[in-house]
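Have a look at the structure below before the remarks.
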Amino acid sequence: MNRLQDATSPYLLQHAGNPVDWHPWGEEAFAEARRRDVPLLISVGYSACHWCHVMAHESFEDPDTARLMNDHFVNIKVDREERPDVDAVYMSATQAMTQQGGWPMTVFATPEGHPFYCGTYFPRPQFQRLLTGLSSAWTNDRAAVLEQGSKVVEALGTGTTLPSGPQPTAQTLELAVRNLRESFDPERGGFGRAPKFPPSMALEFLLRSGEREMSGRTLDAMARGGLYDQLGGGFARYSVDAGWVVPHFEKMLYDNALLLRVYTHWWKAGGGPLARRIALETADWLLREMRTPEGGFASALDADSEGEEGRFYVWTPEQLREVLGDDDGRWAAEVFEVTGTFEHGTSVLQLLRDPDDPARLESVRTRLLAAREHRVRPGRDDKVVAGWTGLAIAALAETGMAFDRPDLVEAATAAAVLLDEVHVDEDRLLRTSRDGRAGANAGVLEDYANLAEGLIALYGATGETRWFRLAGRLLDTVLRRFGDGTGGFYDTADDAERLFQRPQDPTDNATPSGQYAAAGALLSYAALTGSSRHREAAHGALGTVSVLAAKHARFAGWGLAVARAALDGPVEVAVVGPPDDPRTAILHREAYLADVPGLVVALGAGDPASASGEVPPLLQGRERIAGAPAAYVCRGFTCRMPVTSPEDLRAQLAER
């Protein structure tokens, strides 16, 4: 009997009709394996994963393969986005055994969960032989199988924690810039060789450090290539080539939230019209295609539609002429580089240079996008992930303020309300929900940290102290439940489900590491409150940055960005004035136009109520000047003379 029909994960629900007797992750599956005295087969993937769909179609929908699986194993299906802790520990085992990793991840384990054989995608004939061989080994050579599982667990349990070093200094960050330059591709942007992933966290560090060559070249190349959807906005997961031409077409919430923030910051740093356009188009794409009816954000769009990767996004010259007519069709083929860059004569649209006729470009884009809406859309994984939604909240709040788009701030607020009402239980956090119903999985460190970061940004944009207070509660849980005793943080709480290894990875992956995300949120919270406890915790979490900076800076991008903000203060701006006074709004927005690393903003009325504990301490005692709204620029609660004009505020913020 397949047991996935009640899951909240769209990925698990995709497998609910398989002939495989799937169990969700849980004690029931482990107990069944012990009762039957058979191994576990743990299959880990996610809904937007192309090769996950391939293996599902080839093997999990095949009655003969399913019979082998059901007869000889207890089969567990895991959505890695719901259970990043399970994914992390078994990915460590897979990489240790095979020197590579990826999804789908296929793990064979003892009934205790100890892995003894790991891999990724297997074609059906090979997979069937593997099932038969491992079942035979379990029956006829059990001792060797158990010994292998014990050795793997023992090896993974020793020496896996990255040592902490001294606090990052300005010299540390200079070494990191130098290390990034060693792998920088000056011709095509980005770092290293194909495949190329958007290096969001490293770009944030470079922008905060004032490095414009590597950041600008990469941001320009990504925005003009096939990685970016030139019609509808939004970025794909990665480029399969070094030139950003052909993407792996899945679109992830976390990539687009991080890149939205980076392009907004690039615009503030002088990125010009391109930075503005990409930031706003990405924000509009988030609201148009990723919002859920409850106000959250879906986690991903699939790469495939109608069984083909990229079919929704690619074009032929003939298709362009059919939609646009001969003249505009030929022009569009030239402008968008439709020269057969993908499969079967199709092309991924690129915009390598801005044409001389922007009005014609806009007309062509509008008509092509309207025509594309009649195609079969890729599937959407509409579960809401707390940590990724936190990234979106931060990005939308900052972008909305920078570009005077209150609708973006409103969308960030609606997402925060959903998380507060559905995901938050007192001081604890659930990782996922779907259709307004919370899943059962506990939040991990990245959920607490990224949501706290988003709430602090949302408080700065709205002045609603509800979000500041909630961020503080989440960060108190981080300090109480996740610390490792040496300044770092585990990825799971001290009362979380016990796996064969407690995951702890301080390095960035597709998203900021939980540890560096926690450091950033703690630093921002300390800037609002003056809390030495939170600031010291932030500094402690940055110790591994010094270990990675000189040789592995790409894996510490967010930690480096936080360290840059810490070295700068971070700068704090307290804006006080009546909320309905236009002068308050002008000062408030001016703060968001400044190119200042890790800037923290507080907004209040500046009246006697500001002395209460309801507002952050940064606001307490900050008053209007002669009745006029005022702004205070501070570092460590030491403030310069208050100003009442946007010009004076701009001048103070420009002094670094």
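Here are the numbers for the structure shown:
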{"item": "C-alpha long axis of helix 406-418 to longest principal axis of the chain, angle in °", "result": "50 degrees"}
{"item": "Lone cysteines, the chain (no partner Cβ under 4.7 Å)", "result": "Cys118"}
{"item": "Cα centroid of the stretch 567-638 to Cα centroid of the stretch 143-173, whole Å", "result": "44 Å"}
{"item": "Full-stretch length increase - Asp356, Ser532 - with 0.36 nm per residue and alpha-carbon distance subtracted", "result": "57.8 nm"}
{"item": "Order by protection proxy (mean Cβ within 10 Å, highest first), peptides 348-361, 306-319", "result": "306-319, 348-361"}
{"item": "For peptides 580-587, 448-455, 624-631, 561-568, sequence by mean Cβ density within 10 Å, most packed first", "result": "448-455, 561-568, 624-631, 580-587"}
{"item": "Candidate lysines for bridging to Lys383, where Cα separation is under 30 Å - those fewer than 8 sequence places away on the same chain excluded", "result": "Lys77, Lys196, Lys251"}
{"item": "Tensor-based shape of the chain (alpha-carbon gyration tensor, a/c under 1.5 rounded, otherwise prolate or oblate)", "result": "oblate"}
{"item": "Acute angle (nearest 10 degrees) that the helix 358-372 long axis makes with the longest principal axis of the chain, alpha-carbon atoms", "result": "30 degrees"}
{"item": "Label point distance in nm, Thr486-Met641, each placed 7 Å from Cα along Cα→Cβ", "result": "5.1 nm"}
{"item": "Prolate/oblate/rounded call for the stretch 564-656, Cα gyration tensor, a/c under 1.5 rounded", "result": "oblate"}
{"item": "Gap separating the Cα centres of the stretch 431-451 and the stretch 460-495, nearest whole Å", "result": "14 Å"}
{"item": "Alpha-carbon centroids, the stretch 81-141 and the stretch 364-427: separation in whole Å", "result": "35 Å"}
{"item": "Modelled FRET efficiency - R0 45 Å, Glu112 with Glu410, Cβ distances, 0.05 increments", "result": "0.35"}
{"item": "Listed peptides 243-254, 62-73 by packing density, highest first (mean Cβ within 10 Å)", "result": "243-254, 62-73"}
{"item": "Proximal lysines relative to Lys151, as straight alpha-carbon distance under 24 Å, when same-chain residues fewer than 8 apart are discounted", "result": "none"}
{"item": "Helix axis angle, 445-462 relative to the chain longest principal axis, alpha carbon, degrees", "result": "30 degrees"}
{"item": "Global form of the stretch 254-410, assessed from the alpha-carbon gyration tensor, a/c cut-off 1.5", "result": "oblate"}
{"item": "Net charge dipole size for the stretch 377-473 [Lys, Arg +1 and Asp, Glu -1 on Cβ; Debye, nearest 20]", "result": "220 debye"}
{"item": "Gained length - Arg473 relative to Arg437, 0.36 nm times residue gap less alpha-carbon distance", "result": "10.7 nm"}
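Just so you know, all these numbers are worked out from the coordinates, no wet-lab data involved. The structure presented is a predicted model; accordingly, all values stated were derived computationally and were not measured. Cβ coordinates were reconstructed from backbone atoms using ideal geometry, including for glycine residues, and neighbour counts include every protein chain displayed.
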